[in-house]
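Enquirer: The structure is given below, and queries will be raised subsequently.
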Amino acid sequence: MASRADILRSSGPLLHYRTWQGVFAGSRLSGTIAFVVVQTLLLVVLFALSAPDLHDSTLAGWCRLLLGAVFLGLWALVVYSRAWPIARLSLLLLLRRRLFWAVYALGLVSFLLFFFGQYLMSWAVTQLGEQSVRVGGFGRANPAELVRVFRDVLKLNGSAETFRSFFQLEVYGVMIVLALAGSILIGNDLRFGSLSFYLSRPISSWDYLLGKGLAVAAFINLMTTIPALILFVQYGLLESWDYFLTSGHLMVGIIGYGLSLTVVLTTLLLATAVWVQRTVPLIMVWTSLFIFCPLLSRALVDALRLDPRWRLIDLWNDLYLVGSRLLQVDLSRTQPDWQEAALVLTGVCVLCLSYLILRIRAVEIVK
Amino acid sequence: MSESAAAPLLLELDGICRDYGSFRALSNISLRLPPGRIGLLGPNGAGKSSLLKILLGLLPPSAGTGKLLGRDIASARAELRRLIGYMPEADGLIPGLPGVEYVALSGELYGMSYLEARRRAHEVLSHLGLEEARYRPLEQYSLGMKQRLKLAAALVHDPPVLLLDEPTSGLDPAGRDSMLDLLANLGRDLGKSLILCTHLLGDVQRVCETVLILHRGRLLRQGSVAELCASRQDRYCLQIQGDPSAFREELLLEGVQIVQENERGWWRVAVPAGWSNRAFFALASNHGVTLTALMRDDETLEDLFHRVLQEADQSSRLDSERSHGIPR
């Protein structure tokens, strides 16, 4: 009679795999090192672009340095965790929804406005000698007036204010996309018991959260940071190459603003999606957070003349304050300090993460 | 050195306890099992799930030590999950995902590269008869296909141990047969060790070599299915021809209990301690009865299970009465 070892040796196609040997097995180590090296080089280039700001000893300079470290750390975390397959699959699940594409297209309208607006302004600048020019099929306009409107009203001048306005407009689209994404990516895992599938594999609840968070972060950046960087590059190409050298700090600011949006919105979305799970209630909660709270804060500060710190209950405004600081744009006097806003956002993130960990630990893995 | 001596034991548990607050879910579980097909039986609340969680490394034991394939269950928890393919009772499927991507994701979470996991997913799905359905979204799978898909996700990294929680739950008889054949084949032909957790005793009898019976957190019985079913030494089946009345009276006088009889002359009897089989023939001869058959009356697994549980309940009731000083 054949022994168990004989059976193992002679068995069919199911037994020709070795048990998993670890993340450094085989050629994965070289890939990992290459990835980290590329990320480091990217950061060095990023800081070289914003070199003038590195020489000052202000807090902003240190913030940018810290931001760079977080950027590198996040990617290192991705490489060393099992989060990547979860993130990739979550992205695919969302990209397969037609509704998502419709909402995403809607969210990109403001990007298109800025993108083609810059072209229109560049063209208007070349027509400054003329009294009036024909603008498409819309009629005639004074090019000097056109340039004034684009530059002073819409702020399409490639300055920090351009990108701040862009982020401000874009976040409304982000809100709708995230409400949809949250229920599909996280709510469904709890409703259909898929969480036990993930957590019974050799991954931790952190890997799971990171994977889902990466998928959400990818969408936030697809709608905010990446279009903003495209606008930055477009402006440099339209204006002059010097723009890239003199406005390197803007690029860092854009990445910083995108990163703060990513971190805050991702943790908030994960927590709310785990809490309510279904799409419609999630949209209701999300709407309350980002429409009701701003209205309330305005009523308290502008109508009732309470302390401007009441604006801190508006998370959009908090993100706007932190983003403005990162882009080095001055704030109005009726706004609270950006440090206070940063503190509120940090508190919200910590609360959300604590709630997430508690909820995921409580899931019954084996029924 | 023989192979059995060289190979590590599948499971070594020594005094494992698990408490949830003041409630003790597992109490002093100690066992040593070689690789093989093991059935874990017990009614609801017996502690099966807690034991599974401990084996999967998802829950640390409150007391005691244990090893699975030589790895410590308290310290090597992530490594244990790599060695085990776990098939949960709950669906745990991801809506919108095709079968092949679901299995490949499982492979990636076990540490395979993307390409390796995809290739392996195709192989496993073909092996389990899901080749045709692999690109269909999971919502379109029948219950039987879902069960096989979950098995494929557990098998994708080729683990030496499979932990199966109610693998035939909700299946029709044909689907159940097919799943049990598949499991028996994995154990017998491919050398996988199985820990099958179920309340369907027939499943354990068909697939498993060894059975563990848990009740109220205690391990009541452990051993091979055949041995446990034959453990009751006092039962016999007889077939008699002729007038049985005098023979019956004589048996009763000797302390033999007649448990069951039918009109075709088959009797099931329980004999007293020290009984010799020759006495049946001697008594039959004395009373003009012919014994045409005499055999040991082994229990089915179901009989054994119910008897063991009943004995445990009686014993705990007696203990409780004694501790409260209630006279019988």
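Enquirer: Lys/Arg Cβ at +1, Asp/Glu Cβ at -1, dipole of chain B taken about the Cα centre: which of B:Ala152, B:Leu51, B:Leu196 is farthest positive-ward?
Expert: B:Leu51
Enquirer: Which listed residue (B:Leu212, B:Leu228, B:Ser245) has the Cα farthest towards the positive end of the charge dipole for the stretch B:167-254, taking +1 on Lys and Arg C-beta and -1 on Asp and Glu C-beta about the Cα centre?
Expert: Toward the positive end, the furthest listed residue is B:Leu212.
Enquirer: About its Cα centre, how strong a charge dipole does the stretch B:235-296 have in debye, to the nearest 20, once Lys and Arg get +1 and Asp and Glu get -1 at the Cβ?
Expert: Dipole about the Cα centre, nearest 20: 300 debye.
Enquirer: Counting every Cα pair in the protein assembly as shown, what percent are over 38 Å apart? Present the calculation step by step, with values, prior to reporting the outcome.
Expert: Working: 128517 of 241165 pairs.
When every Cα pair of the protein assembly as shown is considered, 53 percent fall beyond 38 Å.
Enquirer: With an 8 Å cut-off on Cα pairs and a minimum separation of 6 or more residues, tell me the relative contact order of the stretch B:235-296 in percent. Write out the running numbers ahead of the final one.
Expert: Values: 90 pairs, mean separation 32.8, N = 62.
Relative contact order here is 53 percent.
Enquirer: Ordered by packing density, taken as the mean number of other Cβ atoms within 10 Å over each peptide's residues, highest first, how do B:186-198, B:170-182, B:69-81 rank?
Expert: Numbers: B:186-198: 21.8, B:170-182: 15.5, B:69-81: 17.3.
Final packing ranking: B:186-198, B:69-81, B:170-182.
Enquirer: Return the average number of partner chain Cβ atoms within 10 angstrom of each residue Cβ along peptide B:103-109. Before the final figure, lay out each step's value.
Expert: On the way: counts 0, 2, 7, 5, 4, 8, 14.
Across B:103-109, the average partner-chain Cβ count within 10 Å equals 6.
Enquirer: A follow-up question, please. What's the local net charge at A:Leu214, with K and R +1, D and E -1, over the other residues with C-beta under 12 Å away? Can you show the working numbers first?
Expert: Numbers: positive: A:Arg82, A:Arg88, A:Lys212; negative: A:Asp207.
Value of the local net charge: +2.
Enquirer: What percent does the relative contact order of the stretch B:202-328 come to when contacts are Cα pairs within less than 8 Å and at least six residues apart?
Expert: Working: 148 pairs, mean separation 36.1, N = 127.
The normalised contact order for the stretch B:202-328 reaches 28 percent.
Enquirer: Same structure again: Rank B:Phe280, B:Met295, A:Ile357 by how far each Cα sits towards the positive end of the charge dipole of the protein assembly as shown (+1 on Lys, Arg Cβ; -1 on Asp, Glu Cβ) and give me just the farthest.
Expert: Result: A:Ile357.
Enquirer: Rounded to the nearest Å, what's the spacing between the alpha carbon centres of the stretch B:249-326 and the stretch B:51-92? Just the number, please.
Expert: Spelled out, the Cα-based centre of one part sits 42 Å from the other.
Enquirer: For q = 0.26 Å⁻¹, what log10 I(q)/I(0) does the stretch B:103-194 give under the Debye formula with an equal point scatterer on each alpha carbon and no solvent?
Expert: Listed by q, the Debye log ratios stand at -1.48.
Enquirer: If you don't mind, there's one more thing I want to ask. Quantify how strongly other chains surround peptide B:80-87 by giving the mean number of their Cβ atoms within 10 Å of each of its Cβ atoms.
Expert: On the way: counts 1, 5, 6, 3, 3, 2, 6, 1.
Neighbouring Cβ atoms belonging to other protein chains average 3 per residue here.
Enquirer: In units of 2.2 N^0.38 Å, what is the alpha-carbon radius of gyration of the stretch A:214-274? Intermediate results must be reported in sequence, preceding the final value.
Expert: Working: Rg = 14.1 Å, N = 61, 2.2 N^0.38 = 10.5 Å.
Computed over Cα atoms of the stretch A:214-274, the ratio equals 1.35.
Enquirer: Which whole number gives the average, over all residues in A:197-209, of C-beta atoms from other chains lying within 10 Å of the residue C-beta?
Expert: On the way: counts 13, 5, 5, 18, 16, 14, 6, 1, 0, 0, 1, 1, 0.
Average neighbour count from other chains, rounded to a whole number: 6.
Enquirer: Moving on to the next point. Would you mind getting the Kirkwood hydrodynamic radius of the stretch B:213-306 from its Cα pairs, rounded to one decimal in Å? Display every interim value, and only then the final one.
Expert: On the way: mean 1/r = 0.0682 Å⁻¹.
Final number for the Kirkwood radius of the stretch B:213-306 is 14.7 Å.
Enquirer: What ranking do A:118-124, A:218-224, B:294-300, A:352-358 get when scored by the average of other Cβ atoms within 10 Å per residue, highest first?
Expert: Numbers: A:118-124: 17.7, A:218-224: 22.1, B:294-300: 14.0, A:352-358: 15.6.
Put in order of decreasing packing, that is A:218-224, A:118-124, A:352-358, B:294-300.
Enquirer: Dipole magnitude of the stretch B:3-229 about its Cα centre, charges +1 at Lys/Arg Cβ and -1 at Asp/Glu Cβ only, in debye to the nearest 20? Don't jump to the answer; show the numbers that get you there.
Expert: Values: 26 positive and 25 negative charges, 110 e Å.
Magnitude of the dipole: close to 520 debye.
We did not get these values from a lab; they are worked out from the coordinates using the rules stated. Keep in mind that what you see is a predicted model, and the values were worked out from it rather than measured. All Cβ positions, even for glycine, are placed from backbone atoms using ideal geometry, and neighbour counts span all protein chains on display.
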